[in-house]
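Let me begin by presenting the structure, written as structure tokens, before commenting on it.
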Amino acid sequence: MMKKISSGTVHTVPEDLRKALVADAAARVVWNDLTPLARNEWICWVTFVKKDETRKEHVQRMTNQLQEGKRRPCCWIGCTHRTDKPVSPSVKAILSRRKKI
């Protein structure tokens, strides 16, 4: 049986995240109840990291936090990939202070 996993506003659900949500019914219920924008922020929060190990940690942390009722990633500046609205001045300031690699 295929379990429905809703997408975000810009991002689609990557396979590792989809598998975690399919395996966790409680997290999946909360996930599908989120707004598309909130789902988008979780997806972006999980996928923006560079290391596979960190990404796995983010997926696990996301499912745990969804089970706890959290609806958005904590301390996340938001998805900068949205093209339907400009990046806010506060987010621009945060991004400009980040170390350039």
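Measuring r between the beta carbons of S96 and R61 and using R0 = 35 Å, the FRET efficiency lands at 0.80.
The residues neighbouring T35, those whose beta-carbon lies less than 11 Å from its own, together hold a net charge of +1 under the Lys/Arg +1, Asp/Glu -1 convention.
3J(HN,Hα) along region 14-19, derived from phi through the Karplus expression 6.51 cos²θ - 1.76 cosθ + 1.60 where θ = phi - 60°, amounts to x, 4, 5, 5, 4, 4 Hz, with x in place of Gly and Pro.
Electrostatic bookkeeping for K19 treats Lys and Arg as +1 and Asp and Glu as -1; over the other residues with beta carbon under 15 Å from its beta carbon, the sum is +2.
Quick note: the coordinates plus some simple rules give every number you see, no bench work behind them. Computed from a predicted structure; not experimentally measured. Please note: Cβ atoms are built from the backbone with ideal geometry, for glycine as well, and neighbour counts cover all protein chains shown.
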